[in-house]
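Here the structure is laid out as structure tokens; the discussion comes afterwards.
The values are calculated or read from the model by the stated rules, or taken from the named source; none is laboratory data. Fair warning: this is a prediction, and the values are worked out from it, not measured in the lab. Methodologically, a virtual Cβ is constructed for each residue, glycine included, from the backbone with ideal geometry; neighbour enumeration extends over all protein chains shown. Ligands, DNA and RNA are excluded from the accessible area calculation, which covers all protein heavy atoms including side chains. Shrake-Rupley method; radii C 1.70, N 1.55, O 1.52, S 1.80 Å.
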Amino acid sequence: SGCAPRAEACRWFQEMRGCVPDVVELLHDGQPTVCVGNAAFAYVDAFTRHANVGFFLGAVLADPAGLLAGQGAFMRHVKVRPGAPIDETALRALIRAAYVDIKARLAAR
């Protein structure tokens with residue numbers, strides 16, 4: 001059912017929101033998005049059969065578990081399918097890495 005992907009999206013958005021104290025949440029293009037200040041670093045999106053945990057600068061993230069999908073110049077996402085196994089530790093590491101990356105980019109401005 002379409003509810004399960006939404007539940008997965010909510011679950012991972014909660015992970016993003018709670019990963020560090022200075023995360024700000026907003027809707028960006030209709031998607032729940034997490035930012036540091038006004039710099040977005042990750043989002044979630046629910047589809048009929050899966051949810052995406054997306055990273056605005058995912059192309060620069062180290063992904064030793066091979067979770068990231070996408071061919072864009074910058075963005076990448078992880079497909080989370082209800083009931084299918086996912087390396088949760090690796091996905092949490094990607095969320096943390098995206099946060100660390102955006103913090104470094106903001107500090108370098």
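Summary of computed values
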| item | result |
| --- | --- |
| Peptide ranges 71-77, 28-34 listed from the most packed, as the mean C-beta count within 10 angstrom indicates | 28-34, 71-77 |
| Peptides ranked, highest mean first, by Cβ atoms within 10 Å: ranges 35-42, 101-108 | 35-42, 101-108 |
| Rounded tilt (10° steps) of 88-107 against the dominant C-alpha axis of the chain | 30 degrees |
| Diffusion coefficient, µm² s⁻¹, Stokes-Einstein with Kirkwood Rh over alpha-carbon pairs of the range 28-109 at 20 °C and 1.002 mPa s | 164 µm²/s |
| Helical mean residue ellipticity (222 nm; -39500 (n - 2.57) per DSSP H run of 4+; nearest 500) of the chain | -11000 deg cm²/dmol |
| C-alpha long axis of helix 3-18 to longest principal axis of the chain, angle in ° | 20 degrees |
| The chain, accessible area per residue, ligands and nucleic acids excluded (1.4 Å, Å²) | 56 Å² |
| Difference of contour (0.36 nm per residue) and Cα-Cα distance, residue 47 to residue 75 | 8.3 nm |
| Magnitude of the charge dipole, the chain, Cβ model with Lys/Arg +1 and Asp/Glu -1, debye to 20 | 40 debye |
